[in-house]
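Notes follow once the structure below has been shown.
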Amino acid sequence: MKSLVRPVPTQVPAAAKPPAAKTANETAAAWSKRCRRWASKLLPFVVLVVLWQVISSTQPAYVFPSLGMIFKTIVSLGQDGILWSATWSTIQAVLLAAAIAMLSGTVIGFWLARFENFATPLLNFVQTIPYVVWALMSLIWFGLTKTSVVFTIVVAAFPLVSFNVAAGLKSVDPQLLGMAQSVRANRAMVLRHIIMPSLTPYLVSAGRSMLGMCWKICVLAELFAGGASGGGVGYNLYAAWEFSRPGEVFGWTVWLVLLMMVSDRLFIVPLELLATRWKRA
């Protein structure tokens, strides 16, 4: 007698994906993503180089030199030693002025947030005066010295930090302040655990804008102060223009842009990564 129970077909499990193949696919995807990210970053520079070379091919070298000629000029200035001494003089002024502007701007920003109606017109007055006027006034007060250069940079840069700090203080969550008050946290704890974390994005943004401004204002101030200020990039840029050396004018300009980009990568980007590390956790 045949059995009425039908055998249940056994299901053979699908073969598992080899770990090696899975790892290879993930690595390839990561490399592809990284390449696309680098391509998006390099594309603007490629377009800029192509446009520069196209324009330089249609103009005389004394009007618009090619990038090759500009970099040859930079190498020549480096071999003469002028490039490094001027760069060091400008870096000293920029770093000192940036530190003073950041500290004073932060303190004044707290004052601005507390006494907005009184402090805002004063800061607007400081910002309204053209930077050229501040450079001339610093020469009257401090003479042809590096102090006049640093003063001009600080006066031009600190209001930017102050307004950013004041905006950051206004964005602090009042519920967090209420919770801190309910647990009787002292001012130091509130400043460290609530206010400063809220201010960090504003400080990073202000630092990036302020550092770029410091480089540009430093060139202007050195141009007025002359060689007595230390013979920085601004002074040499003006000297190249005065003696009709357009290759050096473009060379100092490109070198200044490179210095600004390097300073942003060395100082601002690490601070930004540190401030946003919680997003990657």
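The values are calculated or read from the model by the stated rules, or taken from the named source; none is laboratory data. Computed from a predicted structure; not experimentally measured. Cβ coordinates were reconstructed from backbone atoms using ideal geometry, including for glycine residues, and neighbour counts include every protein chain displayed. When the accessible area is computed, the model is the full protein with side chains, heavy atoms only, and any ligands, DNA or RNA have been set aside. Shrake-Rupley method; radii C 1.70, N 1.55, O 1.52, S 1.80 Å.
Scanning for something at pLDDT below 80, β-branched (V, I, T), touching a helix residue (DSSP H, G or I) at 6+ places or on another chain (Cβ under 9 Å) and open to solvent by 50 Å² or more (accessible area, probe 1.4 Å), does the range 14-30 turn up at least one residue?
Checked the range 14-30: no residue is at pLDDT below 80, β-branched (V, I, T), touching a helix residue (DSSP H, G or I) at 6+ places or on another chain (Cβ under 9 Å) and open to solvent by 50 Å² or more (accessible area, probe 1.4 Å).
Is it true that A206 is of a type outside the set (D, E), in a helix (DSSP H, G or I) and under 30 Å from A221 (Cα atoms)? Break it down stepwise before answering.
Numbers: of a type outside the set (D, E): yes; in a helix (DSSP H, G or I): yes; under 30 Å from A221 (Cα atoms): yes.
In short, yes.
If I filter the range 216-228 for residues that are on the phi > 0 side of the Ramachandran plot, in contact with a helix residue (DSSP H, G or I) (Cβ under 9 Å, 6 or more places away or on another chain) and open to solvent by less than 40 Å² (accessible area, probe 1.4 Å), do I get at least one hit?
Yes; the residues of the range 216-228 include at least one that is on the phi > 0 side of the Ramachandran plot, in contact with a helix residue (DSSP H, G or I) (Cβ under 9 Å, 6 or more places away or on another chain) and open to solvent by less than 40 Å² (accessible area, probe 1.4 Å).
With the condition kept exactly as written, say whether any residue in the range 235-243 is at pLDDT below 80 and either part of a helix (DSSP H, G or I) or of a type outside the set (F, W, Y) (or both).
Within the range 235-243 (the criterion being at pLDDT below 80 and either part of a helix (DSSP H, G or I) or of a type outside the set (F, W, Y) (or both)), the answer is no, since none of the residues qualifies.
Spot the failing condition for L199; the list is (1) open to solvent by less than 20 Å² (accessible area, probe 1.4 Å); (2) within 18 Å of A93 (Cβ to Cβ), and only one is missed.
Looking at each condition in turn, L199 falls short on (2).
May I ask you to list the residues in the range 44-70 that are in contact (Cβ under 8 Å) with a residue 60 or more places away in the chain and open to solvent by 80 Å² or more (accessible area, probe 1.4 Å)?
Y62, M69
Residue by residue through the range 60-70, note down the ones that are not in a loop (DSSP other than H, G, I, E, B) and not hydrophobic (A, V, I, L, M, F, W, C). Please lay out each step first, then the result.
Residues of the range 60-70 not in a loop (DSSP other than H, G, I, E, B): 67-70.
Result: G68, single match.
Can you name every residue in the range 81-136 that is of a type in the set (S, T, N, Q) and farther than 18 Å from T147 by Cβ?
S85, T87, T106, N117, T120, N124, Q127, T128
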